[in-house]
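Notes follow once the structure below has been shown.
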Amino acid sequence: MPRTPVYFVSHGGPTTMYDKDHKVYSKLEAIGQEITQKVKPKAIVVFSAHWQAERPNTIEVNVSEQEPLLYDFYGFPKHYYLEKFPNRGSSELGQRVIQLLTEAGIKAVPEERGLDHGVFVPFKIMFAPDKNPLQIPIVQVSLFDNETDAAAHIRLGRAVEKLREENVQIIVSGMAVHNLRDLWATRASGQTMPYSISFDKAMKDAVETSPDAGRDQAVENLLKRPDARKAHPTFEHLLPIHVGVGAAGADTGKQLWTLPEGSMSWAQYRFGEVEA
């Protein structure tokens, strides 16, 4: 059985699931169809920017069989908080993740938790129940509580790389550029910030670096760039790409599509190939 690829998706905010005219919508749909129709995994393990562990130096793993949606956003119309995304978890897979992390020397604990909007917003597009329903379990895994330790997140991804040989799909969900502080100003002006363009390009260059030519270090160095804190005032939306690089192992990374827009960038990546 070939190894499953690894995907990094830029998920946007809650409005993304309604904005069918935005260019990212069809891109997320295409990734979802590629997963269900070509990869055909038996389960999904997902890391989202919106779950940072509460315990220091510890990873939390959802082992719940039932995963309610977490409406972890504020100030939106009522119907946003009534959204549904049919899903189920897997205690067995959650325990397998804990086993792999423990074997890698990473402290991991079980948790009962729902799916946050970094998961259910892109998944409602990728795996729309009426178009491309997902009929396999989803297990969400946290990031570390430390938002500046890129190397730790690469090790986290590498610890679960073996799941790819077990027909488990790994998806990491964040944003290539994510600056909410400048969001309204850019919407009013229609301007795309220079850092959205420069950091988006730097991320592409780092991710597409050959694994044996220093890719790990290249993605770690993204946090040290002069434009890093403009592109990401906090790094939680960037760290999923480090998990993805770790899980990719020796597989190359490829930018599938990108759109620097305002104070954001919507880049989507895949590590590894998909059979035709």
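List of remarks:
- The chain, relative contact order [Cα under 8 Å, separation at least 6], %: 30 percent
- Dipole of region 203-256 computed with +1 at Lys/Arg Cβ and -1 at Asp/Glu Cβ about the Cα centre; of Gln255, Gln217, His232, farthest Cα towards the positive end is His232.
- Cα centre as origin, Lys/Arg/Asp/Glu Cβ charges: the chain dipole, Debye: 420 debye
- In the chain, the DSSP-assigned H stretches of four residues or longer account for a calculated mean residue ellipticity at 222 nm of -9000 deg cm²/dmol, using -39500 (n - 2.57) per stretch and the full residue count as denominator.
- Max mean-square fluctuation residue, GNM over the chain, Cα-Cα springs under 10 Å, options Ser26, Ser48, Ser90: Ser26
- Simple spin-label estimate for Glu83 and Lys224 gives 3.7 nm between the two label positions (7 Å along the Cα-to-Cβ direction from each Cα).
- Most positive-pole-ward Cα, Phe144, Ser265, Phe47, against dipole of the chain from beta carbon charges: Ser265
- Pairwise label distance in nanometres, Phe73 with Gln95, each label 7 Å out on the Cα-Cβ vector: 3.6 nm
- Listed by chain and number, the lysines placed with their C-alpha closer than 16 angstrom to that of Lys201 are Lys224, Lys230, Lys254; residues fewer than eight positions away on the same chain are left out.
- Fully extended contour minus Cα-Cα distance, from Lys42 to Gln66, at 0.36 nm per residue: 6.9 nm
- Fraction of C-alpha pairs exceeding 16 angstrom in region 123-188: 67 percent, rounded to a whole number.
- One Cα centroid belongs to region 11-47, the other to region 80-149; the line between them spans 15 Å.
- Ser26 versus Ala213: modelled label distance in nm, points set 7 Å from Cα along the beta carbon direction: 3.2 nm
- Across region 254-259, computed HN-Hα scalar couplings (Karplus, 6.51 cos²θ - 1.76 cosθ + 1.60, θ = phi - 60°) run 9, 6, 7, 5, 8, 7 Hz from first to last residue, x flagging Gly and Pro.
- For the options Phe76, Phe120, Phe47, a Gaussian network treatment of the chain with springs between C-alpha atoms closer than 10 Å singles out Phe76 as fluctuating the most.
- For Rg and Dmax of the Cα atoms in Å, calculated from these coordinates, the label among (i) 17.2, 51; (ii) 22.4, 74; (iii) 18.9, 60: (i)
- Under 21 Å of direct C-alpha separation, and excluding same-chain neighbours fewer than eight residues apart, Lys78 reaches these lysines: Lys20, Lys124.
- Potential extension, Asp205-Gln52 segment - 0.36 nm per residue separation minus Cα distance: 52.4 nm
- FRET efficiency, Gln191 to Asn132 (Cβ-Cβ, R0 25 Å, nearest 0.05): 0.10
- Protection-proxy order for peptides 235-245, 218-228, 153-163, each taking the mean of Cβ atoms within 10 Å per residue, highest first: 235-245, 153-163, 218-228
Quick note: the coordinates plus some simple rules give every number you see, no bench work behind them. As the structure is a computational prediction, the values presented were derived from the model and not from experiment. Because the Cβ atoms are built from the backbone with ideal geometry, glycine has one as well, and the counts that use them run over all protein chains shown.
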